[in-house]
1. What fraction, in whole percent, of alpha-carbon pairs in the chain exceed 21 Å separation?
2. Each residue of segment 30-47 in order: what ³J(HN,Hα) in whole Hz does its phi give by Karplus 6.51 cos²θ - 1.76 cosθ + 1.60, θ = phi - 60°, with x for Gly and Pro?
3. Lys/Arg Cβ at +1, Asp/Glu Cβ at -1, dipole of segment 6-125 taken about the Cα centre: which of Ala77, Pro16, Val100 is farthest positive-ward?
4. For Asn31 and Phe71, compute 0.36 nm times the residue count separating them, minus their Cα-Cα distance, and round to one decimal in nm.
5. Enumerate the helices in the chain for which the Kyte-Doolittle hydropathy averages 0.0 or more and the C-alpha atoms extend at least 30 Å along the helix's axis, using complete DSSP H runs.
6. Straight-line reach from Lys14: which lysines have Cα under 22 Å away, leaving out those fewer than 8 places along the same chain?
7. At Leu11 and Tyr120, where each label point lies 7 Å from the Cα along Cα→Cβ, what is the point-to-point distance in nanometres?
8. Assigning unit charges at the beta carbon (Lys, Arg +1; Asp, Glu -1) and nothing else, what dipole magnitude in debye, to the nearest 20, does segment 6-125 show about its Cα centre?
Amino acid sequence: MNKGSKLYSILRFKCPHCHEGEFFVDSNPYNLAKAGELHGECPVCHRKYSREPGFYYGAMYVAYALGVALFVSVYVAIYVLYPEASTELYIGGVLGSLVVAGPYVYALSKIIWANLFYAYKGVEATAEEKARQAR
Ligand SMILES: [Zn+2]
């Protein structure tokens, strides 16, 4: 997994523009006091992390998709590993995994959302960005 691939930025919580700067104020999603808090711009390449106010509301859709994927995975895992499992185990397993994975899913949803809109450009300003600054 190399720099330049979106997966690199997503799994390491790095800036979607340059893949070097930190995306979150605290890269540990389980620090709940700072959960989901972003820098305003990348500390390395200084590009912004947001296009407009409320940009990250869209990350809800990503979180929803990740939540459903987790739900189905846990359900199928219980079904395969414990065919005799009770309904309570299914409910507890699914809810428990959603609670435990919640902060990570929340962080993933934001970095995935950012990566849907921003492409890798490297640290240096691109020719297009230089032209825009000169204007
Ligand atoms: Zn950057």
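1. The proportion of pairs with Cα distances above 21 Å equals 50 percent.
2. Whole-Hz 3J(HN,Hα) from phi for segment 30-47: 8, 7, 5, 5, 10, 4, x, 6, 9, 6, x, 9, 5, x, 9, 9, 6, 8.
3. Value: Pro16.
4. That pair, Asn31 and Phe71, stretches by 12.1 nm at full extension.
5. Values: long enough: 59-81 (32 Å, 2.10); 87-117 (41 Å, 1.17).
Once both thresholds are applied, what remains is 59-81, 87-117.
6. Qualifying lysines at Cα under 22 Å: Lys3, Lys6, Lys34, Lys48, Lys110, Lys121.
7. 1.3 nm
8. Dipole of segment 6-125, to the nearest 20 debye: 380 debye.
Computed from the coordinates by the stated procedures, all read-outs in this text should not be read as laboratory data. All of these numbers come straight from a predicted model, not from anything done at the bench. All Cβ positions, glycine included, derive from the backbone under ideal geometry; neighbour counts span all protein chains shown.
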